[in-house]
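Visitor: Supplied in structure tokens, the structure appears directly below.
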Amino acid sequence: MRNLKLLKCLSSVELQSPGSPQCFSVRTDTGSLLISSQFSITEYDPPTGQVLNEVSLTSEDYLPEDGQGVVVGIQDLPDQESVCVATSRGDVVLYNLSTNQLECVGTVDSGLTAMSWSPDQEVVVFCTGQETIILMTKDFEPITEVDIHQNEFGEGKFITVGWGKKETQFHGSEGKQAAQKKEVQPAVPWDDRRPRITWRGDGQLFAVSAICPQTGARKVRVWNRECVLQATSEAVNGLEQPLCWKPSGSLIASSQRHPNKHSVVFMEKNGLLHGDFTLPFAKEKVKELLWNSDSSVLAVWLEDMNPGEDGKRNTYIQLWTVGNYHWYLKQSLHFGNDPLKAPACLCWDPEKPLRLHLLTRAWASYTYDWGWCTDRSPGDDSQDNANVAVIDGDKVLVTTFRQCVVPPPMCSYELQLPAAVNMVTFHSQPQRTNELAALTADSRLHIYGRGSLVEGHVISLCHSPKSDTLALQLEDGQIRRVHCGKGMLSSVKGFILYFYPPYNLFVKDDGCFINLYPSLKYPSMETHVASNVSSFVVYDEFLLLTTHAHTCRCLHLATMSLKDLKAALSSEATQNDESTRRVERGSRIVTVVPQDTRLILQMPRGNLETIHHRALVLAQLRKWLDDLKFRDAFECMRKLRINLNLIYDHNPKVFLENVETFLNQIDSINNVNLFLTELKEDDTTKTMYPNPASAACQSASASGADGKKKVDTICDALRSAMETLDPLKFCLCILTSHVRKTTPELEIALQKVHELRGEESEKNAVSAEEALKYLLFLVNVNELYEHSLGTYDFDLVLMVAEKSQKDPKEYLPFLNMLKTLEPNYQRYTIDKHLKRYKKALHHLSKCGEEHFTEVLNLVKDQRLYTEALQLYPAESQQYKMLSVAYAEHLVEQQQAEQAGLLLWRCGEMPRALQAFVSCTSWRHALAVAVHIPLPPEQLAQLARDLDCEEAISALIEGAAWEEALRLIYLYSRQDIAETHLKPALLEAHSNQLTFLESQKTLFTRHKNRLVVVREQKEKARLELLDEDGPDCADAELYSEASSVLTGSRIGSKYSQSNSRISSPDLSLIQNLWDVLEKEIHSLLKALVLFQFDTLASSLQTNYSELLQLIEKGIPEIWQEGLQQGQTPITGPNSTANSIMASFQQPRPSAVPQQDAEILIRPKMRQSVKWKLCMLK
């Protein structure tokens, strides 16, 4: 649904030369025109208007001087820097553009009638005056010569399988008359009777159209690259002289005149007709047909058959395109009836597909640059119908995409105009964007049927919404102003406009122009933004575009600078990136429906597709939510599968303040339930749908302002509002709000269902049966049965059980048994069955002393000691028994001190003393001993034992293994060796191994980083070597070398002992040796003593590996260049070269004294003997 828009027309009338142009070619390397006439060859540059080269063809007798000579073909040969020219007299001339010399490379005595080079310029075909074809190489070596007119069909001759006769076959609309052999009519009288040659795009086939000597009609023959006939066309009455092979296809275009119409017909390579389209006239003749290089546009050169009253003929050039098997007339250029202004020759540019070159008989040069554009209404409000106008000759096909998506060539409605339309635009004033203006080929502007004549050729127009005027730019540079409301036309003077070749032109509110090239450039700054864009449109604050990578991007311009735009278009899309989506190969944007989420795309074959781009959808949803249009947002989200959590997450505060508005707008029980069931704790504005303008939006958090979970907050808010509005109407929704909470409130929901039994008589009330059935849909029936049992309401339990798949034999006996029990014991039994042990304990405690044994067993099994103590008075016997049981549990959990406190509190003094002694709590033990009281001798012995045990525990905790052993054996406390010493040794061994591994990893990482930093600094030093001032490339290495050691520091426990080294960054080596002397050696001996040889060996091996790693790394860390500064070499024995070389060497600048110590290489101490020989 695109139109051809004239972007620029470059005209020049400065070229003057004798005769008139006969044919021309475009130089691919310079873009200049190579023009041949009856007298000369001229190289002309249209942009500058200069003649670059010119040579006479009459001076060397290649053409007669009387001006009767004819050049039948001209071709630029860039590889040879020459131009090949063929004359009707039979000469083939090469014109060297470098030397400006002519050379005749061959002559055909019978003359030449046509010349055509293959697309790869490896071979050339000539048609001679004897009606033969000569095939030559690019060096003009003859390959073969054959007659044009062959009696055979060719190698592609059809095979007849003998199915029926021609008379009995179906012949379509022509009926049986088609079976009769028709007489072939001769060519039309105005045919120039010259052959035409055209090549297929790949250069493997070429076709020749020539007059058949027998019938006098034109016939097309297809030949291969070796000049072997492949096929001959069928007899076609009225076939005319134009012939052009589609570069990217298998169709050959020609024209055919019928008694009642004139058509452009297409042939296949086998010579059979394959489709056509009718030209919108009947009294013109087609002079030439020309495909552009990408096969998207077909140019038709026309001329009136009958002259006018003044004896002159009008000339036209029309540009046709095809889409969805329909041919559209997009542009019609009228050149009037002046013979001097009529085109003499034209051709498409070989490099730029939409550039057309034209020369008139008076040597005027025109270069037309066309561009594809989609003419759409610019409105952004709901009144705009998302109109798209398609030019089709003298009709404008308008499709209103807001109402319907009509595939082309159909449309919503069409406008019939009196002449062919060249340009169309829509009104840009708000509320009037559905109005349009059309510019016809006769320079008339039609605004909804009101036409204003404009003298001169209009090449561009633009509408101003502020002044309500339409600006027209004429071919001669004048600008005319049309007042749309009054229909008045005036001139604007003193302005010079330059129109860049854009896809679209956008005018911002501040008056600045944004003009984008097909490759997305800002021409005012010549900044390249992206080169893979196939189409784009600006809507609201978004730039939507399709790329050659088959993606559709939607970028938020309001939050993006030019730099951000370039970065976004050059980067790959990330996960959950709403700005990108995949589309079908070759898709192009048609339009966006304003205030909607629909984006219309057109596929390469012409059909339309509607997509809802995620970025547009989310932007529209945010607008609706900001405007509190919850219903519109909900329906859109439901249809397009957008997570409904966004309704709350977009702005939680606003949602909670307008919950009743939300419910009133949704007004559907099912929709409210759907919203509640989709609730999740995740914040969708941070995960699934991040907002590009997130700063302006309040996002949700994991919990509400009062610390509640998000789901709980929404459920409570909705339930409160629903109970206020209409609790009966929203009954099911209220149940859903209970079930969907983080901790489902199933018992409350079941209770509400039970309460409905008494409200069934009320109007619009939901029955209990319905409510229960709905609840079973949300919750598993077995889970719901268990929760109904927890309500202790047997009627409710039976109601749920009846809806389940349970066998009555399974639950009825159990329910009947429960009914026989005392109420508290009944509830205890139910809670124990449901594993609600705290509630079970609470009910069991009310059942009397006869059930206390069950209480005690339940407390011990479920460890409910704290809860049980709260249920009995402190002076009761039950409280004492529970305390003793709790104390026994604490002793098992290695919490003897707390057990002793419990026993002491409840009066169990001997057992409390035993607990305090076991945990060496000497203060509590002595206090209890005095309280018992113990005899003085036993009290003294207890004090001595407690003091010894406390000392040994302190030594073990401080890793003083040898001293701890001495005290153990001194006081005969070998039991402490088993209970305290051995576990402490195993724990120390594990801690040391973990510490070693972490230090080894840290040392290696920092050492490798140091190597990288040195390489970067050396590279920087070399780059800055020529700059003035001292170069201190190693200045930052000191910090990195420091981090190698600092990162591997032993820890606060050991770093405090480093008093012999002033810099803390050099404490690694010294600390390691201190550890080995004071702790590792002692730990190894203790491990060996208790027969932990394997553990001791692994510890010794790991420490040895770490020391070897450090020793090997020292030369890499402290290199020679860092240990001593390099000073310039001077003195009597130095030379000028040596002094300059010493100054150019890198030298570190002065560093502080503390940092200077880093440069000193540490030395490993080898005198410490820490290893145990028995472990080797």
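The values are calculated or read from the model by the stated rules, or taken from the named source; none is laboratory data. Treat the numbers as computed from the prediction; the structure is a model and nothing was measured. In this analysis, Cβ positions are derived from the backbone assuming ideal geometry, glycine residues included, and neighbour counts consider all displayed protein chains. Accessible surface is based on the protein model in full, side chains and every heavy atom, while ligands, DNA and RNA are left aside. Shrake-Rupley method; radii C 1.70, N 1.55, O 1.52, S 1.80 Å.
Visitor: What's the total number of residues in region 1-18 that are of a type outside the set (A, V, I, L, M, F, W, C), open to solvent by less than 50 Å² (accessible area, probe 1.4 Å) and part of a loop (DSSP other than H, G, I, E, B)?
Guide: Counting residues in region 1-18 that are of a type outside the set (A, V, I, L, M, F, W, C), open to solvent by less than 50 Å² (accessible area, probe 1.4 Å) and part of a loop (DSSP other than H, G, I, E, B) gives 1.
Visitor: Report the residue count in region 855-868 for those that are surrounded by 17 or more Cβ atoms within 10 Å (Cβ to Cβ) and either touching a Ser or Thr at 6+ places or on another chain (Cβ under 6 Å) or assigned to a helix (DSSP H, G or I) (or both).
Guide: The total comes to 5.
Visitor: Look at region 767-799 and say how many of its residues are assigned to a helix (DSSP H, G or I) and either in contact with a Pro (Cβ under 6 Å, 6 or more places away or on another chain) or within 23 Å of THR742 (Cβ to Cβ) (or both).
Guide: Of the residues in region 767-799, 15 are assigned to a helix (DSSP H, G or I) and either in contact with a Pro (Cβ under 6 Å, 6 or more places away or on another chain) or within 23 Å of THR742 (Cβ to Cβ) (or both).
Visitor: Scan GLU60, GLU65, GLU103 and give me the residue that is in a strand (DSSP E or B) and either of a type in the set (Ser, Thr, Tyr) or open to solvent by 70 Å² or more (accessible area, probe 1.4 Å) (or both).
Guide: Every option except GLU103 fails the conditions.
Visitor: Which of (1) assigned to a strand (DSSP E or B); (2) touching a residue at least 24 places away in the same chain (Cβ under 8 Å); (3) open to solvent by 60 Å² or more (accessible area, probe 1.4 Å) does HIS274 not meet, given it meets every other one?
Guide: (2)
Visitor: While we're on this one: Please go through region 146-156 and give me each residue that is in contact (Cβ under 8 Å) with a residue 60 or more places away in the chain and either open to solvent by 90 Å² or more (accessible area, probe 1.4 Å) or more than 53 Å from the chain's Cα centre (by Cα) (or both), ordered by number.
Guide: Selection gives VAL146, ILE148, HIS149, GLN150, GLU152, PHE153, GLY154, GLU155.
Visitor: Here's something else I'd like to know. Anything in region 183-211 that is open to solvent by less than 10 Å² (accessible area, probe 1.4 Å) and among the hydrophobic types (A, V, I, L, M, F, W, C)? List them, or say none.
Guide: PHE206, ALA207, VAL208, ALA210
Visitor: Within region 811-830, does at least one residue satisfy the condition of being in contact with an Asp or Glu (Cβ under 9 Å, 6 or more places away or on another chain), open to solvent by less than 40 Å² (accessible area, probe 1.4 Å) and within 30 Å of ASP726 (Cβ to Cβ)?
Guide: Taking every residue of region 811-830 in turn, none turns out to be in contact with an Asp or Glu (Cβ under 9 Å, 6 or more places away or on another chain), open to solvent by less than 40 Å² (accessible area, probe 1.4 Å) and within 30 Å of ASP726 (Cβ to Cβ).
Visitor: If you go through region 930-950 one residue at a time, do you hit one that is part of a helix (DSSP H, G or I), touching an Asp or Glu at 6+ places or on another chain (Cβ under 8 Å) and either open to solvent by 60 Å² or more (accessible area, probe 1.4 Å) or not hydroxyl-bearing (Ser, Thr, Tyr) (or both)?
Guide: Within region 930-950, not a single residue is part of a helix (DSSP H, G or I), touching an Asp or Glu at 6+ places or on another chain (Cβ under 8 Å) and either open to solvent by 60 Å² or more (accessible area, probe 1.4 Å) or not hydroxyl-bearing (Ser, Thr, Tyr) (or both).
Visitor: Kindly establish whether ALA438 is crowded, with 18+ Cβ neighbours inside 10 Å, within 25 Å of VAL297 (Cβ to Cβ) and touching a Gly at 6+ places or on another chain (Cβ under 6 Å).
Guide: no
Visitor: For GLN862, work out the one condition from (1) closer than 19 Å to PRO744 by Cα; (2) in contact (Cβ under 8 Å) with a residue 12 or more places away in the chain; (3) not hydrophobic (A, V, I, L, M, F, W, C) it doesn't fulfil.
Guide: Single failed check for GLN862: (1).
Visitor: Let me ask you something else. For LEU902, are the conditions met, namely being within 30 Å of GLN877 (Cβ to Cβ), part of a loop (DSSP other than H, G, I, E, B) and aliphatic (A, V, I, L, M)?
Guide: It is false that LEU902 is within 30 Å of GLN877 (Cβ to Cβ), part of a loop (DSSP other than H, G, I, E, B) and aliphatic (A, V, I, L, M).
Visitor: Considering each of PRO407, PRO353, PRO418, PRO378 in turn, give the residue that is in a loop (DSSP other than H, G, I, E, B) and crowded, with 20+ Cβ neighbours inside 10 Å.
Guide: The match here is PRO378.
Visitor: Of the residues that sit in region 256-265 and are open to solvent by 10 Å² or more (accessible area, probe 1.4 Å) and in contact with a strand residue (DSSP E or B) (Cβ under 6 Å, 6 or more places away or on another chain), which one is nearest to GLN230 (Cα to Cα)?
Guide: Only one residue fits best here, namely GLN256.
Visitor: Looking at THR610, THR597, THR591 in this structure, which one is under 19 Å from THR400 (Cβ atoms), exposed (fewer than 14 other Cβ atoms within 10 Å of the Cβ), in contact (Cβ under 8 Å) with a residue 40 or more places away in the chain and of a type in the set (Ser, Thr, Tyr)?
Guide: Of THR610, THR597, THR591, the one residue that is under 19 Å from THR400 (Cβ atoms), exposed (fewer than 14 other Cβ atoms within 10 Å of the Cβ), in contact (Cβ under 8 Å) with a residue 40 or more places away in the chain and of a type in the set (Ser, Thr, Tyr) is THR610.
Visitor: Also, quick follow-up: Filter region 875-890 down to residues that are of a type in the set (A, V, I, L, M) and open to solvent by less than 70 Å² (accessible area, probe 1.4 Å) and give me whichever is farthest from TRP922 (Cα to Cα).
Guide: Of everything passing the filter in region 875-890, LEU882 is farthest from TRP922 (Cα to Cα).
Visitor: Applying the selection to region 1076-1110, what residues are open to solvent by less than 10 Å² (accessible area, probe 1.4 Å) and modelled with pLDDT under 80?
Guide: The answer is LEU1076, ILE1080.
Visitor: So, THR1004, is that one among the hydroxyl-bearing types (Ser, Thr, Tyr), open to solvent by 20 Å² or more (accessible area, probe 1.4 Å) and touching a residue at least 24 places away in the same chain (Cβ under 8 Å) or not?
Guide: So THR1004 passes the test.
Visitor: On the given criteria, is ASN337 modelled with pLDDT under 90, closer than 30 Å to SER248 by Cβ and not small (Gly, Ala, Ser)?
Guide: no
Visitor: Let me ask something else. Please count how many residues of region 613-646 are surrounded by fewer than 15 Cβ atoms within 10 Å (Cβ to Cβ) and assigned to a helix (DSSP H, G or I).
Guide: 5
Visitor: Could you list, in sequence order, all residues of region 120-132 that are surrounded by 15 or more Cβ atoms within 10 Å (Cβ to Cβ) and closer than 24 Å to PHE24 by Cβ?
Guide: GLN121, VAL123, VAL124, VAL125, PHE126, CYS127, THR128 - these are the residues of region 120-132 that are surrounded by 15 or more Cβ atoms within 10 Å (Cβ to Cβ) and closer than 24 Å to PHE24 by Cβ.
Visitor: State which residue is nearest to ARG221 (Cα to Cα) when the search covers only region 261-299 and only residues that are at pLDDT 90 or above and of a type in the set (Phe, Trp, Tyr).
Guide: Applying the filter and picking the extreme gives PHE266.
Visitor: A further question on this structure: Any idea which of (1) surrounded by 15 or more Cβ atoms within 10 Å (Cβ to Cβ); (2) under 56 Å from the mean Cα position of the chain (by Cα) is the one PHE140 doesn't satisfy?
Guide: (1)
Residues are listed down the side, and each one gets a yes or a no for (1) at pLDDT below 90; (2) touching a Pro at 6+ places or on another chain (Cβ under 8 Å); (3) closer than 19 Å to PRO350 by Cβ:
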site: ASN3; (1), (2), (3): no, no, no
site: GLU14; (1), (2), (3): yes, no, no
site: GLY19; (1), (2), (3): yes, no, no
site: VAL26; (1), (2), (3): no, yes, yes
site: ASP29; (1), (2), (3): yes, yes, yes
site: LEU33; (1), (2), (3): no, yes, yes
site: ASN53; (1), (2), (3): yes, no, no
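Visitor: Further question on the same structure: Restricted to region 1011-1025, and to residues that are touching a Leu at 6+ places or on another chain (Cβ under 7 Å) and closer than 15 Å to GLU1116 by Cβ, which residue is most open to solvent (accessible area, probe 1.4 Å)?
Guide: Ranking the candidates gives ARG1014 first.
Visitor: Can you name every one of the strands (runs of 3 or more DSSP E) wholly within region 291-339 that holds 1 or more residues which are more than 45 Å from the chain's Cα centre (by Cα) and polar (S, T, N, Q)?
Guide: Per the criteria, 315-323.
Visitor: Tell me the residue from ALA549, ALA568, ALA558 that is part of a helix (DSSP H, G or I) and without any contact (Cβ under 8 Å) to a residue 40 or more places away in the chain, please.
Guide: ALA568
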